[in-house]
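What follows draws every value from the coordinates through simple rules; no lab data is involved. Worth saying up front: this structure is predicted, and the values here are computed from it rather than measured. With ideal geometry, Cβ positions are generated from the backbone for all residues, glycine too; neighbour counts draw on all protein chains shown.
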Amino acid sequence: MGYKALLFLEKVLMALPQKMRRGFFSFLAYAAYRLSPKYRKIVHINLDFLFGDTMDEAEKESITKYSFKNLMFNMMYLMELRHMSIEEFKEKVTVKNFEIVQKALDEKRAIVYITPHYSAWELAGASLAVYAKAATLVYKHLKNREYEEWLLDSREHFGNRCVEKSNVLKKLIKIVRKKEAIGILIDTNISKKEGLPVRFFGKTIHQTPVPAFLSRKFDALIIPAVIRTDDDIHYEVVFYDPIETPKTEDESADIAASTQMQADWLESVIRKEPKFWFWLHRRFKGDYPEIYKET
């Protein structure tokens, strides 16, 4: 879709009642599901890889359908965020366990929020600026520069800032040294060279060590968070107990231990409500490329 066409579509959709807008994106999700056998296959491969025979085929198919819907709803929320007031946002998104964040703010500690692509992750990022303090969010560069500007405008609408993930560590160090907050997605595919090995659903995969490094080196507090919903209309951001990175004489072991704790937390979240995770992504292609050979 051309950029001008996207802006025109946005203008039309935002003029419609929210119920009709949801209906449009629900239709797109259904069409994408029907027309994308490759990505239906990817969802099943990922579910088989992590859950195997412990999840029946009916649940896997239900999660597959929901994955397309959830992706399209995140697109819808990107569009809506560009036009949303703080009051409207608070009617849609609430927070749980905010005292965890407030304590860190009161102590003037730098915060590293960790979260996965889970449920309405675009709303989760915005909630930091609305309920706490604006944070710097790490994102992956897009090939289409105009669409990237549109996306960043949405993500920065309430005051967050975004930095591209390439060569980002020096920028993040400056931010945590100023006792500010950053947000990092910890569930993206990462190369063995850039990541650390962790155990995840009984498999060895690689995960970013950046949160653990910043935590240990600069006393930043790692706060896990996810967003979830019961009706796909109202959402709740849940903050979890902080992950304190060990600080012994063995720096490498400390960072590895912290990174494993983050993987354990993520696994527990996915096991509890697996449908919300972003199963359409070839998350394990860096470690197990063979499982995607049929796609």
Using amide H atoms built 1.01 Å from N in the peptide plane, name the residues 5+ places from LYS247, or on other chains, whose amide H lies under 5 Å from its own. none
log10 I(q)/I(0) for segment 221-295, Debye formula on C-alpha points only (no solvent), q = 0.12, 0.16, 0.25 Å⁻¹, two decimals, reads -0.51, -0.81, -1.15
Amide H contacts of ASP187 (H built 1.01 Å from N, under 5 Å, at least 5 apart or other chain): HIS117
Candidates ASP264, ASP231, ASP187: whichever shows maximal mean-square fluctuation once the chain is modelled as a Gaussian network with Cα springs under 10 Å: ASP231
Using the Karplus curve 6.51 cos²θ - 1.76 cosθ + 1.60 with θ = phi - 60°, what ³J(HN,Hα) values do you get for each residue of segment 150-162, in whole Hz, with x for Gly and Pro? 4, 5, 5, 4, 5, 5, 9, 4, 9, x, 5, 10, 10
Anyone know which of GLN102, GLN18, GLN207 comes out most mobile in the 10 Å Cα GNM of the chain? GLN18
Choice from PRO224, PRO246, PRO116 showing the highest fluctuation, given a GNM over the chain with Cα pairs closer than 10 Å: PRO246
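Can you tell me what share of the DSSP beta bridges in the chain is antiparallel? A percent to the nearest 5 is fine.
40
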Using amide H atoms built in the peptide plane, which far-off residues or other-chain residues are under 5 Å from LEU137 H to H? ARG161, CYS162, VAL163, GLY183
When the convex hull of the C-alpha atoms of segment 3-292 is computed, what volume per residue in Å³ does it have? 136
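Charges only on Cβ, +1 for Lys and Arg, -1 for Asp and Glu: so what's the dipole of the chain about the Cα centre, in debye to the nearest 20?
My answer is approximately 940 debye.
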Over segment 160-245, how many pairs of lysines fall under 17 Å by alpha carbon, counting only those 8 or more apart in sequence or from different chains? 12
Table column - 3J(HN,Hα) (Hz), segment 56-71, Karplus curve with 6.51, -1.76, 1.60, x for Gly and Pro: 7, 5, 5, 5, 4, 5, 4, 5, 4, 4, 5, 4, 5, 4, 5, 4
So, counting K/R as plus one and D/E as minus one, what does the shell of residues with Cβ under 11 Å around TYR33 add up to? +3
So, with +1 on the Cβ of K and R and -1 on the Cβ of D and E, and no other charges, what is the size of the charge dipole of segment 6-53 about its Cα centre, to the nearest 20 debye? 260
Hz values of 3J(HN,Hα) by residue in segment 271-284 - Karplus curve (6.51, -1.76, 1.60), Gly and Pro given as x: 4, 5, 9, x, 5, 7, 6, 8, 6, 6, 8, 7, 4, 9
